[in-house]
1. Cut-off is 10 Å between beta-carbons; in what order do LEU486, LEU403 appear when sorted fewest neighbours first?
2. Compute the acute angle (0 to 90°) between the alpha-carbon long axis of helix 301-326 and the principal axis of greatest extent of the alpha-carbon atoms of the chain; round to the nearest 10°.
3. If I model a spin label at ASP239 and ASP159 as a point 7 Å from the Cα along the Cα→Cβ vector, what separation in nanometres do I get?
4. For the Cα atoms of the chain, what angle does the longest principal axis make with the long axis of helix 142-155, in degrees from 0 to 90, nearest 10?
5. Rg and Dmax in Å for the chain, alpha carbons only: what are they?
6. Over all directions, average the projected area of the Cα convex hull of the range 330-541 and note it in nm².
7. Taking only C-alpha pairs under 8 Å that are 6+ residues apart, what is the relative contact order of the chain in percent?
8. At q = 0.14, 0.16 Å⁻¹, what log₁₀ I(q)/I(0) does a Debye calculation on the Cα points of the range 106-252 give, no solvent, two decimals?
Amino acid sequence: MRLEQYWGIGPKTRARLEEELGVERAVQAIETADTRALVDAGLSRGRATRILRRAQGGDAMDVLATRDTRQVYKELLELAGEYALTDDAAGRIRILTPLATEEEMRDRLDRVEAAREAWAGLDERTRGSVEDAFAAHDSAGGELASVRTALALSEADVDTGVFGSVADLNAAALEEAAAALAGLAGEGDRVGEGADEKLDALRAQLAAAEDMAAAPAEVVEAVESEARGPEAFRETVLDHVTGETGVDSGRVRESAPTEAADATDFATGTLRTLSTDLREAVDERERAVAQRLSGTVERTRTEIDAAVEAVSDAALYLSLARFADAFDLTRPAFVDRETVAVANARNIALVAADGEGGVQPVTYAVGEHDLDLPGATRPPRGHRVAVLTGANSGGKTTLLETLCQVQLLAQMGLPVPADAAEVGVVDAIVFHRRHASFNAGVLESTLRSVVPPLTEGGRTRMLVDEFEAITEPGSAADLLHGLVRLTVERGALGVFVTHLAEDLEPLPPEARTDGIFAEGLTTDLELRVDYQPRFETVGRSTPEFIVSRLVANASDRTERAGFETLAEAIGEEAVQRTLSDARWSA
């Protein structure tokens, strides 16, 4: 296969991969999602990740229909990656993509749930042993790391669920494989230290002989005081070399020259010949040991490959289990109809920043759903579109982002941040955040982004925030009304955030208006909002709360007088009542 057939690989990238890896190895790295191989070949981690996402996800990546959808996707993977047990697992998490079929989504969810059960079943000591085993994985790298991790997990005595495939491995064969792989893991093409005692001894002897050969005068100086005459000197030198290098005396004597001009020449000749002889012996022994170790690796290849796969999968799914546990994620229910419905959903990014206690859960739905919810928070059934209105800083955009997170996680086969969720699988998620740029270019680019997914015939989820921010209010209301009608006509589902709800009337019968309400000011004069939308009612921005805060916080009399003029304009009585309520609360 030509490398340029892969998304994101042009002539320059192809040339680099061919030079560093060769075509066959580069294709293998892409097909097996080997991020490390591509990064080692000179690609940036971000580029390698993008190439692998598209190679692994294929057409399913088209679900990410807008820039904002892709941003939420990346943020989810970055957050999940923080719970990875190994670098390999972190790399695999970074390239998780939406899946093509519900069967694949359910299968991945099954595996994550099984990993959560296995992780929850470990006591504190065993869990620590498992974490240590995976931590050691990163320090070694490659097949050796996987084999050693598999052995460490076996010693931790975990053999159920996600650990089952590791427990089924042949420990004796892996011990042999680990020793062989460690021996072949020396620098360059050298056999590593500790692989063979005789090889280690020969190397030590060679090093000692070469050190002495580098300073023959020191050898002569060390022995000449003990020698009496040429013959005695010769024997003393040979004995000294034998003692210092540990080489057999016969091999040392065979290295001695028969003729020498003087004492230094004799020592030099002996040590050079001995070093050459030992170097040849080391090379010969190393070749024999490497051949033996390679044979062991070949013989245990099936078990090595199984260990690599088992450890990689265990690390991935345990990492995803840790992520799911950290945010109390729940398995979504896939339904064969257009819907997204969540009970007590939490925005993962907010939970990560503020903790679970600082986030108000929200219940919401569009489309037909069967969630069993209390009457006060039960979203109406059947509406394909919701127009979401209400207070500034009321969490409307956050709700859109939360629905986007739920849809993405579900289609990646991962649990979602809600107590319960029903999700219909879609072909495109159109999430568009409010962008405060008021010009024709932004309007055109936005329409080019959000309209084509609706008209291309696939199942589409529309999550559009404050469309009026990019054009004048009159035109914005007309365009937004058109988007609502188009969403209904195309059989899609959508939630549209706007402050122009009254200008959109009459809505199609398949659409409804929901509202988020500000309830007053806290004792610190912060806006107090109930983030749970109220269904089929228009929310209010309640500007008197904001003006009340400005009046209360005015730094001087002139500034206060200016804000009091605004208070008169919107209703001084409402402002004074708000201030009175805040003081009474204090």
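FYI, it's all coordinate maths here, none of it is from the lab. In this text the structure is predicted, and so the values were computed from the model without any measurement. For neighbour counting, all protein chains shown are included, and Cβ atoms are generated from backbone atoms with ideal geometry for every residue, glycine included.
1. Numbers: LEU486 17, LEU403 27.
Ranking LEU486, LEU403 by Cβ neighbours within 10 Å, fewest first, gives LEU486, LEU403.
2. 30
3. In this crude spin-label approximation the distance works out to 6.2 nm.
4. So the helix axis and the longest Cα principal axis differ by about 80 degrees.
5. 35.7, 122
6. 11.9
7. Here the relative contact order equals 14 percent.
8. Reported log10 I(q)/I(0), two decimals: -0.79, -0.92.
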